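S.K.: Supplied in structure tokens, the structure appears directly below.
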């Protein structure tokens with residue numbers, strides 16, 4: 001059966017999108033059946049007119065007029081009822097389509113860090129399914145039925161109607177060719193403008209503080225104006241063709257009435273046939289003409305559906321079997337990876353192993369790939385090649401819902417969600433008060449939370465908008481520690497913390513070591529990574545050094561500016577004390593990790609304590 005939805009068929013895999021499309025197709029026969037009866041009943045008016053002109057007016061039989069009128073009204077009532085039923089079926093089909101696709105689409109968007117455009121695309125398709133454009137698609141196949149009726153009245157009338165249908169169809173095709181590319185460009189720029197607006201709204205404080213509003217407004221206006229310009233050109237062209245279609249239709253009305261009148265003068269047809277031919281031809285051409293004005297909606301739905309297909313392209317049905325609770329062992333084997341949308345790999349040929357219970361520090365210059373590496377460690381990204389394993393199993397083989405309980409992750413950009421502090425710490429599951437408080441105490445945030453208006457029940461806005469950066473970071477740390485996961489990954493955990501907060505993080509890392517919980521920390525300050533077991537140095541996406549802290553740190557020379565004294569990186573235990581007026585630096589090719597004298601003294605003492 002022909003696809004009348006105007007969009008491609010479902011994806012080849014057994015994705016929710018393919019299932020939703022299959023569900024739509026199961027009801028197409030029903031909808032086509034309704035459309036068949038609807039279009040047959042639309043002939044009620046012309047047939048009634050024929051009978052009135054040819055029988056009632058000639059015979060002047062009033063009972064015949066009454067019966068014909070009652071029959072016509074009954075048919076029109078059935079027509080109205082079928083139209084209501086068809087409309088309701090379309091609404092329910094669109095809702096079922098959305099409900100089938102939305103849950104997994106939401107997981108795809110969040111699970112692979114995609115943009116939220118997928119949900120907007122789904123809404124575009126859903127709206128199309130319930131709109132007038134969809135009804136037009138169901139009515140178009142029945143246009144030949146009406147043309148056939150006109151031919152029955154007289155072939156000359158049929159020729160006029162057929163020529164009109166061909167001309168209108170040609171205008172519809174021309175409209176598609178002249179507007180399709182423009183509408184695609186307009187949609188692309190509009191999506192960019194919308195994404196830019198959402199991103200700017202999340203960073204409104206920085207924008208206003210640094211006077212960036214005017215500049216960003218101009219950047220946004222660039223995409224917005226481009227979208228409007230392409231949309232205007234497409235609308236102008238479509239409007240011209242719509243006007244041309246109206247001209248053709250009105251001209252056809254004149255032509256068919258003129259032809260019918262000539263035939264009536266010749267006593268070939270009756271005046272009733274002339275009027276009926278005009279009405280039926282209008283009905284035959286209405287869906288074709290409507291398709292021109294609704295073409296933008298159809299093309300928008302097709303593009304949205306194509307993007308949904310792309311989103312589900314690599315969807316794998318089913319949920320992996322639950323595996324035993326991991327111990328926190330991480331293994332990389334010749335891993336290459338690149339950020340979404342990038343061509344060049346940012347992680348190159350990484351091979352290493354982190355044993356269960358190890359604490360590992362990661363350092364390196366900005367842009368070296370540290371954050372990308374931990375996204376691979378937590379399964380947020382999947383490698384382009386090679387394998388990343390947790391307790392011997394690749395992340396694809398883990399049940400993500402199960403695995404999430406065993407991973408604690410603090411990203412560099414901390415986002416909290418609308419809800420209470422307890423909700424955020426408990427990851428929006430059923431909050432265990434004891435575990436929530438324990439996590440907060442471990443990161444030194446319990447007293448800070450108690451100072452909030454409603455303590456753990458304090459409501460916070462999107463992104464934790466009513467909290468300071470330090471408060472958000474402590475709550476994010478507590479969320480990572482909730483229920484004591486087996487693998488904890490912290491990306492710059494002290495970036496918004498004061499000295500007291502840094503001390504809490506150092507204490508936390510030491511406590512995690514004692515508990516044999518695998519901990520990976522990205523940091524530059526030795527006061528943070530000075531207590532780990534192993535240190536990893538990354539340069540330009542390549543693993544430069546990895547090994548025990550005492551072996552890696554001494555190999556990194558510490559330099560200071562020329563006007564100051566150059567000192568050894570880390571001397572023997574107990575001897576690494578630098579004067580208070582000296583800054584020490586760890587050079588890492590393209591970047592250097594800056595250390596204060598106090599931090600150097602603390603790190604040296606920590607090393608001494610370990611020995």
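S.K.: If you go through region 512-549 one residue at a time, how many are in a helix (DSSP H, G or I) and touching a helix residue (DSSP H, G or I) at 6+ places or on another chain (Cβ under 7 Å)? Reasoning before the result, please.
M.R.: So the first thing to find is which residues in region 512-549 are in a helix (DSSP H, G or I), and the list is 512-514, 526-529, 549.
Imposing the further condition that a residue be touching a helix residue (DSSP H, G or I) at 6+ places or on another chain (Cβ under 7 Å) reduces the set to 526-528.
So the answer is 3.
S.K.: If you check residue 234 against the conditions, is it buried (at least 17 other Cβ atoms within 10 Å of the Cβ) and within 18 Å of residue 300 (Cβ to Cβ)? Can you show your working first?
M.R.: Values: buried (at least 17 other Cβ atoms within 10 Å of the Cβ): yes; within 18 Å of residue 300 (Cβ to Cβ): yes.
So residue 234 fits the description; yes.
S.K.: For residue 323, indicate whether it is outside the structural domain of residue 483 (by TED's automatic domain parsing), at pLDDT below 80 and more than 21 Å from residue 129 (Cβ to Cβ). Before the answer, list the steps.
M.R.: Numbers: outside the structural domain of residue 483 (by TED's automatic domain parsing): yes; at pLDDT below 80: yes; more than 21 Å from residue 129 (Cβ to Cβ): yes.
Yes.
This table checks each residue for (1) more than 26 Å from residue 540 (Cα to Cα); (2) in contact with a helix residue (DSSP H, G or I) (Cβ under 8 Å, 6 or more places away or on another chain).
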| position | (1), (2) |
| --- | --- |
| 397 | yes, no |
| 400 | yes, yes |
| 410 | no, yes |
| 417 | yes, yes |
| 435 | yes, no |
| 456 | yes, yes |
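S.K.: Quick one: which of 421, 388 is closer than 21 Å to residue 533 by Cβ, crowded, with 18+ Cβ neighbours inside 10 Å, touching a helix residue (DSSP H, G or I) at 6+ places or on another chain (Cβ under 7 Å) and touching a residue at least 40 places away in the same chain (Cβ under 8 Å)?
M.R.: 388
S.K.: Name the residue that is farthest from residue 444 (Cα to Cα), counting only residues in region 479-502 that are free of Cβ contacts under 8 Å to residues at least 40 places away in the same chain and in a helix (DSSP H, G or I).
M.R.: 499
S.K.: Return yes when residue 221 is surrounded by fewer than 15 Cβ atoms within 10 Å (Cβ to Cβ), in contact with a helix residue (DSSP H, G or I) (Cβ under 8 Å, 6 or more places away or on another chain) and without any contact (Cβ under 8 Å) to a residue 60 or more places away in the chain and no when it is not. Spell out the reasoning first.
M.R.: On the way: surrounded by fewer than 15 Cβ atoms within 10 Å (Cβ to Cβ): yes; in contact with a helix residue (DSSP H, G or I) (Cβ under 8 Å, 6 or more places away or on another chain): no; without any contact (Cβ under 8 Å) to a residue 60 or more places away in the chain: yes.
Answer is no for this residue.
The values are calculated or read from the model by the stated rules, or taken from the named source; none is laboratory data. Fair warning: this is a prediction, and the values are worked out from it, not measured in the lab. Glycine gets a Cβ as well: all are built from the backbone with ideal geometry, and neighbour counts include every protein chain shown.
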